[in-house]
Amino acid sequence: MHELAVCQGLMTQVEQIARRENAEQVTRILLSIGPLSGVEAQLLADAYPIAAAGTVAEGAQLEIEQLPIRVKCLTCSEETEATANRLLCGACGDYRTRLLSGDELLLMSLELERRQHA
Amino acid sequence: MCDTCGCNVTDGNRHLIEGDGKLARTESGSEAISVLQGLLSENDRTAAHNREHFDRHRVLAVNLMSSPGSGKTRLLEETITLLGDSLRIAVIEGDLETENDAQRIRDKGVAAVQITTGTACHLDAHMVHEALHALTLDDIDVLFIENVGNLVCPASFDLGQHRNVTLLSVTEGDDKPAKYPVMFRASDLMLISKSDLLGVLDDFVPEKAERHLRELASTASVHTLSARSGDGMQRWLDWLRSEHAAAQTRAVNGETLRPAIQPDGQRMHAHEPTRQHHHDGHHHGHD
């Protein structure tokens, strides 16, 4: 259960960006978390209100985008869907594949309200 | 920074910022800021810093991971004995509690720093950085970081290591790579440990374990060994010596190395040039 640690790292990043952008309130956070990232999206979502309490992002909507696992075969060049423990080429079955998506652990974007200049 | 040059737009996330993708759309009322940063970027920065320390002092750093009780400490004890004076070893031990493992390593005459994580299930780059302050890197050829026994969480945190080595003992299931794909996919070398027990176990087939690893698209080597009987230890020592030699060559060329499979955030920055901070002749400082 390392999702709280990941979430605290996220809040540090969000607060830095909010400061840089002179934001009063962060209203929405979009993450991309793949099944192969090692982070469980639901656990992160559960940890989020705890980590966000008292920060500029308290009450912000957390949206988590989950990309499918896709691989590109280094042998036949086909791009196919795969599963977390079976990353073989869906076309020829070769194990020499490159992951195209599915291991993301990214802060994609923030929506925020800027401070009004006096 | 990659936030601005756009090089961290990958095949996986490009659709989000193009056309009417989520990040291209600005919703009314508030302003959308595109970030595209790894969620562990703070950890990753410290990990990169650790890696620079290792490279500058020509230390090969190996992150040793497994479930609890698969024989990581026992492997290190035997490795230290067999290497003798040929490679200078130091160990960072990660456990929730106790100095026991560090003490076992010290009893072998080798420097060991114990990190007790309390309730944390993994080591992170900051903990390792703190531990490095207790070691003299110039006196070390190979630094082992024995991670907390756990097949889940340690895989997500870069520590600055050059290689990931994962142990799978024959008393566990040979389908562990299928059950814990994130961990085993990150392995540069899988060691099937406690092979001396294969004779009394009828349900562990090393070839099956390797097949499950291949199904993760892994090309990592698989060695079967027993620290107790000595079986397969020579091949492991040969791997260590060859990795250590490769680390020396990299140091001469000003290059570095990361484990083959990177969490997303690090992979995006894998093409960034190594910091050229030790090219002013041979630097052997004691920092």
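Looking at A:A91, A:A118 in this structure, which one is more than 9 Å from chain B (Cβ to nearest Cβ) and at pLDDT 95 or above? It would help to see each step written out before you state the result.
On the way: A:A118 fails: at pLDDT 95 or above.
Sole residue among the options that is more than 9 Å from chain B (Cβ to nearest Cβ) and at pLDDT 95 or above: A:A91.
Within the range A:58-118, which strands (runs of 3 or more DSSP E) (wholly inside it) include 2 or more residues that are within 17 Å of the chain's Cα centre (by Cα) and farther than 11 Å from B:A217 by Cα? It would help to see each step written out before you state the result.
Working: elements: A:61-65, A:70-73, A:79-81, A:97-101, A:105-114.
Where strands (runs of 3 or more DSSP E) fall fully within the range A:58-118 and carry at least 2 residues being within 17 Å of the chain's Cα centre (by Cα) and farther than 11 Å from B:A217 by Cα, they are A:61-65, A:97-101, A:105-114.
Conditions: (1) within 11 Å of another protein chain (Cβ to nearest Cβ); (2) closer than 16 Å to A:E104 by Cα; (3) not in a strand (DSSP E or B). A:Q42 meets all but one. Number of the miss?
Answer for A:Q42: the failing condition is (1).
Taking A:T80 and the conditions (1) more than 7 Å from chain B (Cβ to nearest Cβ); (2) crowded, with 16+ Cβ neighbours inside 10 Å; (3) touching a residue at least 12 places away in the same chain (Cβ under 8 Å), which numbered condition does it fall short on, given that it satisfies the others?
Here A:T80 meets the rest and fails (3).
Being assigned to a helix (DSSP H, G or I), farther than 24 Å from A:R114 by Cβ and modelled with pLDDT under 95 is the filter here; which residues of the range B:30-64 pass it?
First, pick out the residues of the range B:30-64 that are assigned to a helix (DSSP H, G or I): B:41-56.
Add one more test, that the residue is farther than 24 Å from A:R114 by Cβ, and what stays is B:42-56.
Listed by number, the residues that qualify are B:E42, B:N43, B:D44, B:R45.
So which residues in the range B:203-244 are small (G, A, S), under 18 Å from A:L87 (Cα atoms) and surrounded by fewer than 21 Cβ atoms within 10 Å (Cβ to Cβ)?
Let us first name the residues in the range B:203-244 that are small (G, A, S), namely B:209, B:217-218, B:220-221, B:226-227, B:229-230, B:232, B:242.
Pick out the ones that are also under 18 Å from A:L87 (Cα atoms) and you get B:209, B:217-218, B:220-221.
B:S221, the sole residue that qualifies.
Which ones in the range A:1-36 are among the acidic types (D, E) and either open to solvent by less than 10 Å² (accessible area, probe 1.4 Å) or facing chain B (nearest Cβ under 7 Å) (or both)?
If the condition is that a residue be among the acidic types (D, E) and either open to solvent by less than 10 Å² (accessible area, probe 1.4 Å) or facing chain B (nearest Cβ under 7 Å) (or both), then A:E3, A:E21 are the ones that fit.
Looking at (1) more than 29 Å from B:E215 (Cβ to Cβ); (2) crowded, with 19+ Cβ neighbours inside 10 Å; (3) out of contact with any strand residue (DSSP E or B) (no Cβ under 8 Å at 6 or more places or on another chain), which is the only condition A:A53 fails?
Among (1) more than 29 Å from B:E215 (Cβ to Cβ); (2) crowded, with 19+ Cβ neighbours inside 10 Å; (3) out of contact with any strand residue (DSSP E or B) (no Cβ under 8 Å at 6 or more places or on another chain), the lone unmet condition for A:A53 is (2).
Hey, any hits in the range B:98-119 for a residue that's under 19 Å from the mean Cα position of the chain (by Cα) and in contact (Cβ under 8 Å) with a residue 40 or more places away in the chain?
Yes, because at least one residue in the range B:98-119 is under 19 Å from the mean Cα position of the chain (by Cα) and in contact (Cβ under 8 Å) with a residue 40 or more places away in the chain.
Of the conditions (1) more than 8 Å from chain B (Cβ to nearest Cβ); (2) open to solvent by less than 30 Å² (accessible area, probe 1.4 Å); (3) touching an Asp or Glu at 6+ places or on another chain (Cβ under 6 Å), A:E104 clears all except one; give me its number.
Tallying (1) more than 8 Å from chain B (Cβ to nearest Cβ); (2) open to solvent by less than 30 Å² (accessible area, probe 1.4 Å); (3) touching an Asp or Glu at 6+ places or on another chain (Cβ under 6 Å), A:E104 fails exactly one: (1).
Return the total of residues in the range B:168-195 being surrounded by 23 or more Cβ atoms within 10 Å (Cβ to Cβ), of a type outside the set (G, A, S), more than 13 Å from every other protein chain (Cβ to nearest Cβ) and on the phi < 0 side of the Ramachandran plot.
6
The values are calculated or read from the model by the stated rules, or taken from the named source; none is laboratory data. No experiment lies behind these values; they were computed from the predicted model shown. Every residue, glycine as well, gets a Cβ built from its backbone with ideal geometry; the counts of neighbours run over all protein chains shown. Areas reflect the complete protein model, heavy atoms only, side chains present, ligands, DNA and RNA absent. Shrake-Rupley method; radii C 1.70, N 1.55, O 1.52, S 1.80 Å.
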